[in-house]
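The block underneath contains the structure these notes are about, expressed in structure tokens.
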Amino acid sequence: MRVITGSARGRKLITVEGADVVRPTTDRVKEAIFSAIQFEIEGRTALDLFAGSGQLGIEALSRGAKECYFADSAAVSIKTVRQNVESTGFSDRSHIVNMPFSAFLKSTRATFDIALLDPPYERRLIQKALPLLIPKMSENGVIVCEHERECVLPAHEGEWGIVKILPHGNIALSIYRKSI
């Protein structure tokens, strides 16, 4: 696993041990995510919810995000995020939080321009997170959800709706934006 492009391009990242704990996003899918939002990253605040190894947030920082919040409920994931953030030199632009997504979203005062959600599959965590996340999003923000291809996410959540679904093999990316 590595950073694809930007200031930390080519840096290797460590992953959490055990495939049952974390399923790292492939480089191909990560490239699709960041191609879809490439002009919206510079100077923005990102959220890597269900952070795992932190690779999505680190990729956003490498591509110019102002700061990134990393949230995960697993202590082993948080330890891995800290190591990866330190090894890529992004500690000063990172906020790492060890708590369940719902507690984090209910308690944070931060507003996000970009939210990257890649939770464990088959637990309907995206569906549970969206209603809590949307009030924390900026007006022109974007939410990118990685999920199993057969998972059907709600077309709309409040004033937000899916504007694009990008299939990639067994997984899909659903992109939400505020409806105009």
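Val163 versus (1) within 22 Å of Ser53 (Cβ to Cβ); (2) open to solvent by 80 Å² or more (accessible area, probe 1.4 Å): which is the lone unmet condition?
If we test Val163 against (1) within 22 Å of Ser53 (Cβ to Cβ); (2) open to solvent by 80 Å² or more (accessible area, probe 1.4 Å), just (1) comes out false.
On the basis of being of a type in the set (A, V, I, L, M), open to solvent by 20 Å² or more (accessible area, probe 1.4 Å) and closer than 21 Å to Ile175 by Cβ, does Leu132 make the cut?
Taking the combined requirement at face value, the residue satisfies it.
Assess whether Ser87 counts as being touching a residue at least 12 places away in the same chain (Cβ under 8 Å), out of contact with any Ser or Thr (no Cβ under 6 Å at 6 or more places or on another chain) and closer than 23 Å to Arg2 by Cβ.
It is true that Ser87 is touching a residue at least 12 places away in the same chain (Cβ under 8 Å), out of contact with any Ser or Thr (no Cβ under 6 Å at 6 or more places or on another chain) and closer than 23 Å to Arg2 by Cβ.
Rundown of residues vs (1) under 19 Å from Leu173 (Cβ atoms); (2) among the β-branched types (Val, Ile, Thr), yes/no style:
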position: Glu17; (1), (2): no, no
position: Thr26; (1), (2): yes, yes
position: Ala71; (1), (2): no, no
position: Leu125; (1), (2): yes, no
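Inside the stretch 132-141, can you point out the residues that are touching a helix residue (DSSP H, G or I) at 6+ places or on another chain (Cβ under 6 Å) and part of a strand (DSSP E or B)?
Hits for the stretch 132-141: nothing passes.
With the requirement that a residue be in contact with a helix residue (DSSP H, G or I) (Cβ under 9 Å, 6 or more places away or on another chain) and part of a helix (DSSP H, G or I), what does the stretch 39-86 give you?
Selection gives Gln55, Leu56, Gly57, Ile58, Glu59, Ala60, Leu61, Ser62, Val81, Arg82, Asn84, Val85.
Restricting attention to the stretch 142-164, which residues are in a loop (DSSP other than H, G, I, E, B), in contact with a strand residue (DSSP E or B) (Cβ under 7 Å, 6 or more places away or on another chain) and not basic (Lys, Arg)?
Leu153, Ala155, Glu159, listed by residue number.
What are the residues in the stretch 87-114 that are among the aliphatic types (A, V, I, L, M), more than 17 Å from Thr45 (Cα to Cα) and part of a helix (DSSP H, G or I), if any?
If the condition is that a residue be among the aliphatic types (A, V, I, L, M), more than 17 Å from Thr45 (Cα to Cα) and part of a helix (DSSP H, G or I), then Ala103 is the only one that fits.
Does the stretch 115-127 contain at least one residue that is open to solvent by 50 Å² or more (accessible area, probe 1.4 Å) and in a strand (DSSP E or B)?
Checked the stretch 115-127: no residue is open to solvent by 50 Å² or more (accessible area, probe 1.4 Å) and in a strand (DSSP E or B).
Mind checking whether some residue in the stretch 115-122 is modelled with pLDDT under 95 and either of a type in the set (Lys, Arg) or more than 19 Å from Asp27 (Cα to Cα) (or both)?
Yes, the conditions are met somewhere in the stretch 115-122.
Restricting to the stretch 55-92, and then to whatever is touching a Lys or Arg at 6+ places or on another chain (Cβ under 7 Å) and charged (D, E, K, R), can you tell me which residue is surrounded by the most Cβ atoms within 10 Å (Cβ to Cβ)?
Within the stretch 55-92, the match that is surrounded by the most Cβ atoms within 10 Å (Cβ to Cβ) is Glu59.
What single numbered condition from (1) buried (at least 16 other Cβ atoms within 10 Å of the Cβ); (2) among the small types (Gly, Ala, Ser); (3) assigned to a loop (DSSP other than H, G, I, E, B) fails to hold for Ser174?
The number of the failed condition is (3).
Scan the stretch 136-158 residue by residue and report those that are of a type in the set (Asp, Glu) and open to solvent by 70 Å² or more (accessible area, probe 1.4 Å).
Those that are of a type in the set (Asp, Glu) and open to solvent by 70 Å² or more (accessible area, probe 1.4 Å): Glu139, Glu150.
The values are calculated or read from the model by the stated rules, or taken from the named source; none is laboratory data. All values derive from a computational prediction rather than experimental measurement. Every residue, glycine among them, receives a Cβ derived from its backbone with ideal geometry; neighbour counts consider all protein chains shown. Protein only, heavy atoms only, side chains kept; ligands, DNA and RNA dropped before computing areas. Shrake-Rupley method; radii C 1.70, N 1.55, O 1.52, S 1.80 Å.
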